[in-house]
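See structure below.
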Number of protein chains: 2
Amino acid sequence: MVFDKELFVSAPGKVILHGEHAVVHGKMALAVGLNLRTFLRVKTRKDGKISINLPNIGTKQCWEVSQLHSLLPAFQDDLKQARPSSKHLETLRNFVEFPKENKETESLALLAFLYLYVSICGRDMPSMDVVVWSQLPTGAGLGSSAAYCVCLAASLLTICGIIEDPLQHNTKISSWTLTEQELINQWAFQGEKIIHGNPSGVDNAVGTWGGALQYQSEIITQMDRVPMLQILLTNTQVPRSTKVLVAGVKDKLLKFPDIIGPVLSSIHAISQECQRILKDMTSGLSADHYPILEELIDINQNHLNVIGVGHPSLDKICQVTASHGLHSKLTGAGGGGCAVTLLRPDTDPNIVETVKQELISCGFQCWETSIGALGVSIHLPSSLPADIRSEFGI
Amino acid sequence: MVFDKELFVSAPGKVILHGEHAVVHGKMALAVGLNLRTFLRVKTRKDGKISINLPNIGTKQCWEVSQLHSLLPAFQDDLKQARPSSKHLETLRNFVEFPKENKETESLALLAFLYLYVSICGRDMPSMDVVVWSQLPTGAGLGSSAAYCVCLAASLLTICGIIEDPLQHNTKISSWTLTEQELINQWAFQGEKIIHGNPSGVDNAVGTWGGALQYQSEIITQMDRVPMLQILLTNTQVPRSTKVLVAGVKDKLLKFPDIIGPVLSSIHAISQECQRILKDMTSGLSADHYPILEELIDINQNHLNVIGVGHPSLDKICQVTASHGLHSKLTGAGGGGCAVTLLRPDTDPNIVETVKQELISCGFQCWETSIGALGVSIHLPSSLPADIRSEFGI
């Protein structure tokens, strides 16, 4: 264990670029790192206390490390076995004694933290302060919980000396070796299981590796290199149930197999073509690349409407952006939720600003950001974005 | 030849319900009779003159029948062979000596008339007045030229006694036997060749038989029975080139075979499913029928956007009608042109009127009419719609 240490770790969010819903039916999806990130600061302390502060969801807790030692026996049997059992969860729930007014999000975030802390640190529990602050909205299908778990896993594994701090060579931003990232990803996946029950593993993989990855039939494959693409990410803030939307697509496929089946095949081919273009872009931009990416976005947005996961708010985003020559599609479950709008490197910043303002005036949240983002990273404080430094009080 | 005779003949227009563009790539299309009709009045006269009056396009011509006899030698060789040769066309063009200001539409309409008159009547050329008035806009992909040719063929074949006047039994509206309709269709197809060069034969088949027919790989099959469905037909009046749109779809298919190919397959399945529902409707309406027809319309409209034949004016029609719970798709070539909006039997007439007014205020033409219309028909004057009677001055 490393004492007197302060680490700043970040992990990206996730958007599905193509293949949402089709992936449920064995087709390929393309998930990319979203440069709206979750940042974690961990600082060791010497008073035998452990605190966690999650300002986004208004949660702050502090325990004596010695109290947490009492949890170890329950974890002894299958310590480091890396699968949260019902016994683990029961033990943790009894320990925390969440007050009644605690919301589900808060409870799950604390359970995931405690699970990872006890499982990863074992007997060498460090006394420390943890603060996590995220640029990602929660519950919007942008992988905020995975980014949280990735940050926790990376910082705990580093603090405990299980993986090495890659910042020792004084680079401003750095990441871990591939093997170490694999370990971070595995632990983050366990945290995700606590929060989501039965996650696909895509979100934590994107949070760990960033860039782009394809996902098909439960196999996740990372793409070697991908370009960073500028986007607008718009949150309609229209709530929806992923479960209901997924069931709706299945019903439609059963009702019209010969009509909907080919649409899913077409979506699969869109993911493949997009992957090909992204790969091609890394060896030099051609005049075709952006028009094709835009065409794929338009086609897929129509397909997503066909399979019944559109929403008037998403149509509105498409209309507003199209009226300025920009191309948008929903991302994730649809039926509300978020949309991505592709920006070209030469898109006039005034147009981007106008579009943003129009979308905001529709009642949407809108961020200008990028995809193909860096995976889990460790930062020198000076390399943190200004808003994050101010959140962390540095 | 029947003397002292007056006939009133009508033929329906055509809309493609599903399968436009996909049909070019070997998929099935579903064409239906449109109850915007072309009406023809023919009245024999005794002064040895033959006149044709086409008020919709401002054309009026009159010849001596004896002059037209001079054309017969050119037709002698292959009289009744029913294929307009370049020799026929050259002979007719020289005969008419169109004034320079004559528009292409007028010239072709007169050529088709003269070709059918000389070919069908042969030596027994009757002296008569022909007036044709249509509810169909021309050049809007609604089969107006085919309805014109069907009316001409039916009336000329009847006047010349080649087929029997089915109205002898004093029914108000009547049609010919299937064998006679076959002959009408064959001659109408020849007229279409003069006007369109290389027509598919679908328009004249719909003009002759009405109802619905499927068209695939150049084979036209009539559906036994179909229901009449109420629709709004909206003409954006946005001009477009069918040739350019068809070429665009082909390019897109070549560019993205695995993305666009499945979409064409899905359109094929939509046509099949629609055909199944239409057939089902004739044996009694179920609560599912209209919702499925509406769903198929929505899906296909998205597909047509995917293959690149949409247009903002068509999007506008979809938006306006959707805001009142109605479902629309483009019909025909797209890129402007016309759209159909399905009305349910219980759609509130006030809503229909509101939607019509909104569409008209967008600068579109809009008709409330029906599809699955009767094919070529012969009318007692008293059974003609009031507007047509007034056009014909009766």
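The values are calculated or read from the model by the stated rules, or taken from the named source; none is laboratory data. Bear in mind the structure is a predicted one, so any value in this text is a computation, not a measurement. Methodologically, a virtual Cβ is constructed for each residue, glycine included, from the backbone with ideal geometry; neighbour enumeration extends over all protein chains shown. Each accessible area value is taken on the protein alone, full model and side chains, heavy atoms only, with ligands, DNA and RNA left out. Shrake-Rupley method; radii C 1.70, N 1.55, O 1.52, S 1.80 Å.
Computed values, structure above
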quantity	calculated
Residue tally, condition open to solvent by 40 Å² or more (accessible area, probe 1.4 Å), within 22 Å of B:GLY261 (Cα to Cα) and not aliphatic (A, V, I, L, M), over segment A:251-267	4
Residue that is nearest to B:SER271 (Cα to Cα) [pool: residues in segment B:220-237 that are modelled with pLDDT of 95 or more and of a type in the set (A, V, I, L, M)]	B:ILE220
Residue check for B:GLY207: closer than 18 Å to B:GLU20 by Cβ, without any contact (Cβ under 8 Å) to a residue 24 or more places away in the chain and under 15 Å from the mean Cα position of the chain (by Cα)	no
Residue check for A:ASP124: acidic (Asp, Glu), surrounded by fewer than 17 Cβ atoms within 10 Å (Cβ to Cβ) and within 24 Å of A:ALA11 (Cα to Cα)	no
Residues (more than 9 Å from chain B (Cβ to nearest Cβ) and either open to solvent by 40 Å² or more (accessible area, probe 1.4 Å) or free of Cβ contacts under 8 Å to residues at least 60 places away in the same chain (or both)) located in segment A:268-278	A:ARG276, A:ILE277
Output for segment A:138-161, where each listed residue is in contact with a helix residue (DSSP H, G or I) (Cβ under 7 Å, 6 or more places away or on another chain) and surrounded by fewer than 24 Cβ atoms within 10 Å (Cβ to Cβ)	A:THR138, A:LEU157, A:CYS160
Any strands (runs of 3 or more DSSP E) falling wholly within segment A:279-394 and containing at least 1 residues that are open to solvent by 40 Å² or more (accessible area, probe 1.4 Å) and more than 14 Å from every other protein chain (Cβ to nearest Cβ)	A:365-371
Subset of segment A:41-65 [in contact with a Phe, Trp or Tyr (Cβ under 9 Å, 6 or more places away or on another chain) and farther than 18 Å from A:SER107 by Cβ]	A:ARG41, A:VAL42, A:THR44, A:LYS46, A:LYS49
Criterion (at pLDDT below 90, open to solvent by less than 70 Å² (accessible area, probe 1.4 Å) and either touching a Gly at 6+ places or on another chain (Cβ under 8 Å) or farther than 30 Å from B:HIS379 by Cα (or both)) met by exactly one of B:PRO73, B:PRO99	B:PRO99
Residue that is nearest to B:MET228 (Cα to Cα) [pool: residues in segment B:248-267 that are more than 8 Å from every other protein chain (Cβ to nearest Cβ) and touching a residue at least 12 places away in the same chain (Cβ under 8 Å)]	B:ILE267
Residue count, segment A:21-56 (criterion: in a helix (DSSP H, G or I) and exposed (fewer than 15 other Cβ atoms within 10 Å of the Cβ))	1
Tally, over segment B:229-247, of residues that are farther than 17 Å from B:LYS14 by Cβ and touching a Phe, Trp or Tyr at 6+ places or on another chain (Cβ under 7 Å)	2
Any chance B:ILE173 is of a type in the set (A, V, I, L, M, F, W, C) and surrounded by 17 or more Cβ atoms within 10 Å (Cβ to Cβ)	no
Total residues in segment A:286-341, condition touching a residue at least 40 places away in the same chain (Cβ under 8 Å), among the hydrophobic types (A, V, I, L, M, F, W, C) and more than 17 Å from A:ARG276 (Cα to Cα)	13
Conditions (1) out of contact with any Ser or Thr (no Cβ under 6 Å at 6 or more places or on another chain); (2) touching a residue at least 60 places away in the same chain (Cβ under 8 Å); (3) assigned by TED's automatic domain parsing to the domain that holds A:LEU314; number of the one not met by A:ASN350	(2)
Residues that are assigned to a loop (DSSP other than H, G, I, E, B) and more than 23 Å from the chain's Cα centre (by Cα), drawn from segment B:101-137	B:GLU101, B:ASN102, B:GLY122, B:ARG123, B:ASP124, B:MET125, B:PRO126, B:SER127
Qualifying position, being hydrophobic (A, V, I, L, M, F, W, C) and within 23 Å of the chain's Cα centre (by Cα), among B:ALA287, B:ALA386, B:ALA322	B:ALA386
Hits in segment A:127-137 - residues which are acidic (Asp, Glu) and open to solvent by less than 10 Å² (accessible area, probe 1.4 Å)	none
